[in-house]
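S.K.: Take a look at this one; I'll ask things after.
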Amino acid sequence: MQAIGSYEGGKMLFLGLGTGLGSTMIVDGIVEPMDLGHLPYKKCTYEDYLGKRGLKWLGKKQWRKAVEKIVSLLIKALEPDYVVIGGGNVNKLKRLPEKCRLGKNANAFKGGFRLWEDARESKHSVQKESKGQ
């Protein structure tokens, strides 16, 4: 929901730093949930480095470096126009990597409202088509 609420057009990558690593890509309004956290990285996965376990295992300073490195790799691979980083641990970052902006929890509500509006518009569109309008 936070990804949908954070979307401002184009190609956006959303990363949620929390217990694990949440990830979603939105391209021209089309939402593609992803599971990037389970991709292998070094001896573990991206999630092992950027999630809660990684923060505990690496410590804050090294975890921040891992966030910067992994986000830069994902930007190179996926070529988003911008990246939104949210989740419960985003406040532990001192600065955001290049091309990134901070996600806001309130955007989850905005995302829910967007979905609701999209669903209503789709329903009305289908009803008009079935009535021949």
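Every read-out reported here was derived from the displayed coordinates using simple, explicitly stated rules and does not represent laboratory data. Only a predicted model underlies this, so the values are computations on that prediction, with no experimental measurement involved. Don't worry about glycine lacking a Cβ; one is built from the backbone with ideal geometry, like all the others, and counts go over all protein chains shown.
S.K.: Considering the dipole of the range 2-104 built from charges on the beta carbon (Lys and Arg +1, Asp and Glu -1) around the Cα centre, which of Pro80, Trp63, Ser23 is farthest to its positive end?
M.R.: Ranked along the dipole, the leading option is Trp63.
S.K.: Taking the Cα-to-Cβ direction at Lys61 and at Lys76 and moving 7 Å from each Cα, how far apart do the two end points lie in nm?
M.R.: 2.5 nm
S.K.: Against the longest principal axis of the chain, how steep is helix 107-130, in degrees 0 to 90 to the nearest 10, with axes from Cα atoms?
M.R.: Taking Cα atoms only, the helix is inclined about 30 degrees.
S.K.: Between the range 88-106 and the range 18-34, what's the alpha-carbon centroid distance in Å?
M.R.: Cα centres, the range 88-106 to the range 18-34: 15 Å.
S.K.: Enumerate the calculated ³J(HN,Hα) couplings along the range 13-24 in order (Karplus 6.51 cos²θ - 1.76 cosθ + 1.60, θ = phi - 60°), each rounded to whole Hz, writing x wherever the residue is Gly or Pro.
M.R.: 9, 10, 10, x, 8, x, 4, x, 10, x, 8, 8
S.K.: Also, quick follow-up: Picking from Met12, His38, Pro97, whose Cα lies most toward the positive end of the charge dipole for the range 2-104 (charges on Cβ: Lys, Arg +1; Asp, Glu -1)?
M.R.: Ranked along the dipole, the leading option is Pro97.
S.K.: Follow-up question, since we're still on this one. If each DSSP helix of 4+ residues adds -39,500 (n - 2.57) and the sum is divided by the residues in the chain, what number results at 222 nm, nearest 500 deg cm²/dmol?
M.R.: On the way: 5 runs with 60 residues, N = 133.
About -14000 deg cm²/dmol.
S.K.: Oh, and also: Evaluate the distance, in nm, between pseudo-label points positioned 7 Å from the Cα of Leu39 and of Arg53 along their respective Cα→Cβ axes.
M.R.: Those two pseudo-labels are separated by 1.9 nm.
S.K.: Could I have the simple spin-label model distance between Glu32 and Asn105, label points 7 Å from Cα toward Cβ, reported in nm to one decimal?
M.R.: Inter-label distance under the simple model: 3.1 nm.
S.K.: Quick check on the range 1-111: of the DSSP beta bridges with both residues there, what percent are antiparallel, nearest 5%?
M.R.: On the way: 14 of 22 bridges.
Antiparallel bridges: around 65 percent, rounded to the nearest 5.
S.K.: Can you match Cα extents along the principal axes in Å to one of these, (i) 97, 29, 23; (ii) 96, 43, 28; (iii) 61, 27, 23, based on a calculation from the structure here?
M.R.: Matching the structure shown: (iii).
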